[in-house]
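The values are calculated or read from the model by the stated rules, or taken from the named source; none is laboratory data. Computed from a predicted structure; not experimentally measured. Glycine gets a Cβ as well: all are built from the backbone with ideal geometry, and neighbour counts include every protein chain shown.
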Ligand code: UGA
């Protein structure tokens, strides 16, 4: 099927390339000429494992192309995916300007009846609103609007698309449902569950999935704090509860709090949506609070632990200290620093008087541009050299596999604060480190 993908950001590019891989003919459209030029020249604007291979393959076999010409793309297809950004507005709501503008442009360009598939994460009611905008700006043609949320994780997006847990779409016509089934027919063979719902249910499934996952992360972080306070071990606790199939083992890794472009934005948007529907969600409101309190609490914990280790003034321990922050991206296998722990922790340390050098294999440049006064590097040794303490924020393999026996000599003081629980407290203690992790008793 010939499909136009409006918006060639993270979701649009991955979805477009994957739809091309399963046999469709995709035109990815973006108004950003520089991005389209780069893609036409074979460059991928984001770091996403496996993406370059399928983009190259799609371009070579003629299934994938890139353009800035929305009108031409709309004229040449019957199905248009909307994957434009829905960033967080200053009041916490989703800013739907890009969705609405795209709908107006599609209506202006339409040369026949079209189906619009909304991939962007949007509040309940948006698909109907898109339908109204289309109808208002083009009374000549018929438009079917469909909701088709994505469940792609950054860093695993290609495999998440190719091996989905489920496919969800919401439609309000049997014609639209039949077209959606045709688009995803490739997955029939692998028996991927297809959930067909109303527009509203499909829109809400996306928000509830992210909110539930965010709640799991916030929950395990609170349990880690409780383990610290009681001498229990959060790693064992996660295994102990995760083996209950009603709970599940995934998303029970304590960390510096959830970040990224989705959970923080979507949880907040859901609380507002719920308030406006006069059905407030106290649970999700608490998750949002819990996550922001967690990172602030960790900021204090780092300073207190360092002061103890260095035996310095508890009030101003960071003055003139050099801190190596390992991992600047919000999680491993991405170059994305949106709502990353590094964007909170590094400025906090700098404000307290420390000089901070951040290491990240992919996100160093972005973090260097976004965080004032941080020095960044893509070389671990450069970050560790002369550091008075090391703060681990991202679970990159390169960070997991550090040989601390060897790297210890680079440090000014053997102090490691591991906010991803990557190393064993016993091994770190044996190597002579003063080591702090989350919710695990300190080894002597
Ligand atoms: C998330 C969802 O997992 C995807 O299903 C969804 O499609 C996507 O949002 C979206 O809405 O577009 P993503 O933001 O890429 O994907 O990242 P996750 O892997 O879900 O991680 C989110 C945050 O939770 C990260 O900061 C991560 O470090 C943290 N996390 C996750 C933990 O701290 N512990 C865990 O056990 C799991």
Look at residue 222 and say whether it is under 25 Å from the mean Cα position of the chain (by Cα) and away from the ligand (no atom under 16 Å from the Cβ). no
Filter region 133-160 down to residues that are near the ligand (Cβ under 8 Å from one of its atoms) and outside any loop (DSSP other than H, G, I, E, B) and give me whichever is farthest from the chain's Cα centre (by Cα). 160
Filter region 175-215 for residues that are more than 19 Å from residue 274 (Cβ to Cβ) and within 16 Å of the ligand (Cβ to nearest atom); the one that is surrounded by the fewest Cβ atoms within 10 Å (Cβ to Cβ) is 193
When residue 394 is run through (1) touching a helix residue (DSSP H, G or I) at 6+ places or on another chain (Cβ under 7 Å); (2) in contact (Cβ under 8 Å) with a residue 60 or more places away in the chain; (3) under 26 Å from residue 217 (Cα atoms), the failure sits at (1)
Among the numbered criteria (1) at pLDDT below 95; (2) crowded, with 20+ Cβ neighbours inside 10 Å, which one does residue 139 miss? (2)
Being assigned by TED's automatic domain parsing to the domain that holds residue 402, surrounded by 21 or more Cβ atoms within 10 Å (Cβ to Cβ) and touching a residue at least 60 places away in the same chain (Cβ under 8 Å): is that true of residue 331 here? yes
Of all residues in region 251-265, count the ones that are more than 6 Å from the ligand (Cβ to nearest atom) and crowded, with 24+ Cβ neighbours inside 10 Å. 3
Can you tell me which residue within region 121-132, out of those that are within 19 Å of residue 78 (Cα to Cα) and buried (at least 21 other Cβ atoms within 10 Å of the Cβ), is farthest from the ligand (Cβ to nearest atom)? 130
